[in-house]
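Step one of this worksheet: look at the structure below.
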Amino acid sequence: MDRREAVKSVAFLMGAALSATTIGVFLESCNSPSTSTAGSLFSADQEKLITEVADIIIPTTSTPGAKEAGVGPFIAMMVKDCYPSDAQKAFTKGLEDLEKQSKDTFKKSFLEISVAQRQELLNKVREATIAASKVEKDALEKQQENVVQKKSEKEAPGNAMTPKDKPKTAPQFFAIIRDLTLLGYFTSEIGATKALAYVEIPGRYDGCVDLKPGQKVWA
């Protein structure tokens, strides 16, 4: 199993925590990665910004954080090689907007402000994403009702529903970088062995083991 297949498998295990955009990527887009030139999607400063945002999401505590696990380059690679063009545009625009907010609010680049200021900005982006997702969810529910009404007409033999009939969600920058930070970290050696309770394979398989209070989740 190569790296791409391994991450795809982990995506299913983390399904409840991933956005619709990322789930769609692992079901479809990773089978046909982009052929764009390496490094052409992000500038050097944007790649640094990605690394710093990931490290705010999973900072160093009693265990190493996202930066030490090399999550930043992983995120840049995944967005460039696996995500469709609309998600790539949403992601790069999110980076640009974050940099603009930093300069408007603190008169400095995101790379120059303090950790507390970075957290403040990301909390605002997170809250805006949640609000936008709620509005989008309501719209999708109405769209779903229309799809259900048309379903009976589409169920006749040779007249199945097409992908364009199904509701779609717009890619969100924060959702994508959150998803890939989680995936990159917990599929890294550091994430699996330091943040999770790791047992080397091959080893004994226990189908059901009770977790003690405060115990790490098994890798």
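Of note:
- Any chance Ala195 is out of contact with any helix residue (DSSP H, G or I) (no Cβ under 6 Å at 6 or more places or on another chain), in contact (Cβ under 8 Å) with a residue 24 or more places away in the chain and surrounded by fewer than 17 Cβ atoms within 10 Å (Cβ to Cβ): no
- Any hit, segment 138-154, residues being modelled with pLDDT of 95 or more, among the β-branched types (Val, Ile, Thr), over 24 Å from Leu41 (Cα atoms) and surrounded by fewer than 16 Cβ atoms within 10 Å (Cβ to Cβ): no
The values are calculated or read from the model by the stated rules, or taken from the named source; none is laboratory data. Remember, predicted model here, so these are calculated numbers, not experimental data. Cβ atoms come from the backbone with ideal geometry, glycine included; neighbour counts cover every protein chain shown.
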